[in-house]
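J.: Sharing a structure here in structure tokens format.
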């Protein structure tokens, strides 16, 4: 498997190097980046819908920006526009990575991520029934998807406005026990060590030596068990991070603000393990596991895709659990998070369920909201779905931004003095990317990652079909239509517009799966480009599948920006 991955990576590097080397120097290109920020403003009785552009101030790395784009969107108006659309449905056999074919903005699409990796089995059944009860009341125009996270991310039901499909998908999702959550419980072992340490100094020397030997063995056992638990926790964090980033990539091509409902027992952003005799002088020591870098990486991916995360704790109200009066806010100082959590862990009466810090960090960093210490999960779902009823869209061109790929923090303030305003939420940052410099996109790695992703990448719109060729058994005509509005073009001295893309395919997911990789240089006249921007750019290939059936995973990548589009095309599947 590793050799196969290295070979694919080598092919990609070689192919892109030859593609980029073949480019002529362009005459000009425009790299100005419009940054769009969707803002939710809520009061005591729900969303506030009467704000104007002058009420808002937006800061980029602390500097005020001129708002050049302003609009107000409501889920009701978007649903009405979507329902009245006359867009033709997809032809039989054609699949698309777009939620709607004609590009209308869906009314606040929502993903429910059912997290069995980080949630105890005993907490899953109750929440599932609560969510199913809510789905029975779902507005028919709200597109919702259900994904499952165990060791990998699985699509249970992709976007649909039919609540019947969603209820059926969740009903089939049985409670699963994560192997990582069944890691050893250290309490008993630690208790044994404390017990054996109480041997009387007046006991015979043989008894004291035996107790000492047992204590050393059990200390080693506790250390080994602690390391096993730490490794299991690391696995949980890395798998969860990868899943959140995969979902961000999947949703990035959808316009507007998206919601990710993460139903999870979560995991602590920072943990502290007491190790007996762990210090240099044999004294106890505290080991710190800090996962805030992984969380910040996921937050930035979600921010880049304009996805707000809403963590929901399925544990409900439990004994010994108090919701913190002032939940931590998003901060770029991760060391501050470590110290704050350490202080909280050591403070008397400051007990909170493990993982609440992570939930608040993810929600605060993306403009969402965390829900915990409640047994009304159906009510929580209703609140989340209504959170996008009114959205203000602000857009600005950074006044003093260097397009060096750096991450910029965003802050939105409402200047109007209104006691009714209780909450202002928006994504907390963006990447200042030069569209002509692919080095910042890490597209070589992302192409491989997208091929392994069960979700379609949506930064580039893509439609595909594979129809059997008459008289040629096992041969198919593969038709791909690429939306060019997300592809970076540059104008050459001869007046033609050029772009470079990579086209990768893989039939099946096992190690023996066959695939292909090619680089394509698109060169269009201005008139042809105008037409292709309306109709899409068509790529046609022959596919020799023989007797095999299944899904052909097709990934297209923009060589300049690293933007991705992918789709799973059915081959011989009815």
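J.: For residue 384, which of the numbered conditions (1) in a loop (DSSP other than H, G, I, E, B); (2) modelled with pLDDT of 80 or more fails to hold?
T.: (1)
J.: Listed residues 560, 532; which is in the same structural domain as residue 489 (by TED's automatic domain parsing) and part of a loop (DSSP other than H, G, I, E, B)?
T.: Numbers: 532 fails: part of a loop (DSSP other than H, G, I, E, B).
When all the criteria are applied, what remains is 560.
J.: So residue 515 passes all but one of these: (1) at pLDDT 90 or above; (2) part of a strand (DSSP E or B); (3) surrounded by fewer than 19 Cβ atoms within 10 Å (Cβ to Cβ). Which condition number does it fail?
T.: Of the numbered conditions (1) at pLDDT 90 or above; (2) part of a strand (DSSP E or B); (3) surrounded by fewer than 19 Cβ atoms within 10 Å (Cβ to Cβ), the odd one out for residue 515 is (1).
J.: Given the residues 90, 7, 19, 82, which is the only one that is modelled with pLDDT under 85, loosely packed, with under 13 Cβ neighbours inside 10 Å and either in contact with a strand residue (DSSP E or B) (Cβ under 8 Å, 6 or more places away or on another chain) or within 25 Å of residue 249 (Cβ to Cβ) (or both)?
T.: Answer to the selection: 7.
J.: Just checking, which of 506, 574 is closer than 30 Å to residue 89 by Cβ and not in a strand (DSSP E or B)? Full working, then the answer.
T.: Values: 506 fails: not in a strand (DSSP E or B).
Answer to the selection: 574.
The values are calculated or read from the model by the stated rules, or taken from the named source; none is laboratory data. Worth saying up front: this structure is predicted, and the values here are computed from it rather than measured. For neighbour counting, all protein chains shown are included, and Cβ atoms are generated from backbone atoms with ideal geometry for every residue, glycine included.
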